[in-house]
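Step one of this worksheet: look at the structure below.
The values are calculated or read from the model by the stated rules, or taken from the named source; none is laboratory data. Note that this is a predicted model, so its numbers are computed, not measured. Here Cβ is always computed from backbone atoms with ideal geometry, including for glycine, and neighbour counts include all displayed protein chains. Keep in mind that these areas ignore ligands, DNA and RNA; they rest on the heavy atoms of the full protein, side chains included. Shrake-Rupley method; radii C 1.70, N 1.55, O 1.52, S 1.80 Å.
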Amino acid sequence: MSVFVSMASLQACLMSTPLCASLSLPRLSLAHPVAHLSRPTLRFFSGDHSITMAQSSPMSMPAWVASCARGRMRFRASLKEDTAIDVGSESVAARASPRLMLVSDLDSTMVDHTDKAHASLLRFNNLWAAEYAHNSLLVFSTGRSLEKYTELRRQAPLLTPALCIFSVGTEIRYGVTMEPDQDWENYLNQGWDQAVVLEEVKRLNLRLQDESEIRPHKVSCQIDKKDATEIIDTLSRRLKDRGLDVKIIFSHGLDLDVLPKGAGKGEALAFLLHKMKTEGWAPQETLVCGDSGNDIELFEVDGVHGVIVGGAMEELKHWYEENGKHNNRLHQAKERCAGGIVEALEELSLGPYLSPRDRMGPNGIQLSDTASENGQPKGSGLAQREVVEFNTFFEKWINGEVPNDPETFQRLTSVIAPGSTMVYPWGVEKNLLESVTDAQPKHGLTKDKKFRTWIDCIQEQKLAEGVFMVTWHAWQMSEGAERTGYFATAIFREKEGTPNGVEWLRVHETPRKS
Ligand code: GLC
Ligand code: MG
């Protein structure tokens, strides 16, 4: 929602706004000493600052004080455990079994290198954040090393996955910290000797790939397609003679990967699924997505659905013709890359397939998508969806992609609770409705710049009955400009008659470096 501020005005403001002396710790005194509060927002203490409480019903002061103390204790305990902040609420996000685990290759599957604007990836991101992020798990499985993956993240608007499988299924890493799976490493060490593989590759005069792509359990070269069969035969024979049982994978008509026998994208996924099952959080459904030779194994994992995206490589299409054509859990997509993934969600009936961008009617109101309504307990993920739809509407508004009239603009203003505020990074608090209304004259401002936004790391927590907190990272990108981003937190309250059954109570944004 940096909707309200352009980075330039933000800089200007940072320079000119004296960082409020009033923001230094306010003296605790009640502006309205009341025994019972009729609204969830308590205005007290210094100037305009307020506390938004996590309940929508009246609450007496002593109860509030006690609940604060309890909240603080939980907050401390959770910090000690180094987990996410848990304010004693029940998280809406599924902590148990993900409804869907989507395991996708990156190059030419999630990322279309022929499309500089990344239209289909942004469409996927929009759908994922609105409809899946609250109960599903995103996994990337790539041939790239962590280093080359980091490079790709700078070029393409990729979401942050829950976990990543790198270097053709030889490294499994979890979360933002990219913690490696030690069990997987130990397993791959058995019967593997990287030095021997390197020796035999050199003996055959094969051209090694970049240093970053030679990993503890992966030796990769580039060879001529016409020599592939002969090289693979000789290499596997020689390695066998030296006591190594390896797996050799040929992809893109050029890349040759030598891995431990038990490695590979499919083996890594099977290991992960087994681990999740043992730990009691196996996904209800799994969808694997790929385009080339090193993805073939993914489609062979037991029980998974799969999509071969449009524009796939010959080696995978050939495999599909021979082995996959009659498997109704697999789909060969017409659409390229992330567009093919979205197509498969529909074709394989795996859940919602219309993103807010696709569902927006001419007046900016979201058309309903029955798939989105199915299987959603009331309240679950709705505030999250509201963030994405609001953001998408804002994008369309300043791109001039929705009509410039007050009725349409109401999509934004009608969801703001009276008296709500926006806290700017430099400490100024402003009426939220006014902040939103500031965007009205910006209709069509970015019409020639292909301004695009996407939302990452979105999480929803239920704080109390009918009250939700959503946190997210928002990114903005337009042609010829640097990517900008911010972290945001917002509080929502249930409200009948709004597009997602919730209204905005409070927003706080902090800009971040790209
Ligand atoms: C990626 C990796 C490369 C590998 C190829 C095929 O491009 O960077 O090392 O050979 O995928 O698996
Ligand atoms: Mg690929």
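Residues of the range 416-514: accessible area per residue at 1.4 Å, in Å²?
Details: 4370 Å² over 99 residues.
So the range 416-514 comes to 44 Å² accessible per residue, rounded to a whole number.
Extending 7 Å from the Cα toward the beta-carbon at both Tyr187 and Arg207 defines two label points whose distance is 3.5 nm. With a/c under 1.5 counting as rounded, go ahead and sort the range 372-456 into rounded, prolate or oblate using the C-alpha gyration tensor (a ≥ b ≥ c being the square roots of the eigenvalues; past the cut-off, prolate if a/b is larger than b/c, else oblate). Oblate shape, in that a/c is at least 1.5 and b/c is the bigger or equal ratio.
Once you have the Cα-Cα distance between Met178 and Leu445, take 0.36 nm times their residue separation minus that, and quote the gain in nm to one decimal.
92.2 nm
Measuring with a 1.4 angstrom probe and ignoring ligands and nucleic acids, His113 comes out at about 90 Å² accessible.
Computed FRET efficiency, Cβ-Cβ of Lys430 and Glu479, R0 41 Å: what is it to the nearest 0.05?
Between Lys430 and Glu479 the formula returns 0.85.
If you average the C-alpha positions of the range 436-461 and of the range 162-240 separately, how far apart do those two centres end up, in angstrom? Going from one Cα centre to the other spans 43 Å.
Over the range 84-223, what percent of the accessible surface lies on carbon and sulfur atoms, probe 1.4 Å? Carbon with sulfur: 48 percent of the solvent-accessible area.
Lysines within cross-link reach of Lys462: Cα-Cα under 18 Å, excluding same-chain residues under 8 positions apart? Excluding near neighbours in sequence, the set is Lys378, Lys495. Element breakdown for the range 406-514 at a 1.4 angstrom probe: carbon and sulfur atoms account for 51% of the accessible area.
Rolling a 1.4 Å probe over the protein heavy atoms of the range 227-279, with every protein chain left in place, gives an accessible area that is 49 percent carbon and sulfur.
When a/c reaches 1.5 or more, the comparison of a/b and b/c decides; with that in mind, is the range 222-337 rounded, prolate or oblate per its Cα gyration tensor?
On the way: a/c = 2.64, a/b = 1.27, b/c = 2.08.
Note, shape of the range 222-337 comes out oblate.
Among the protein heavy atoms, those of Leu463 account for about 40 Å² of accessible surface (1.4 Å probe, every chain in place).
For Ala195 and Glu496 in the same chain, what is the full-extension length gain: residue separation times 0.36 nm, less their Cα-Cα distance, in nm?
101.8 nm
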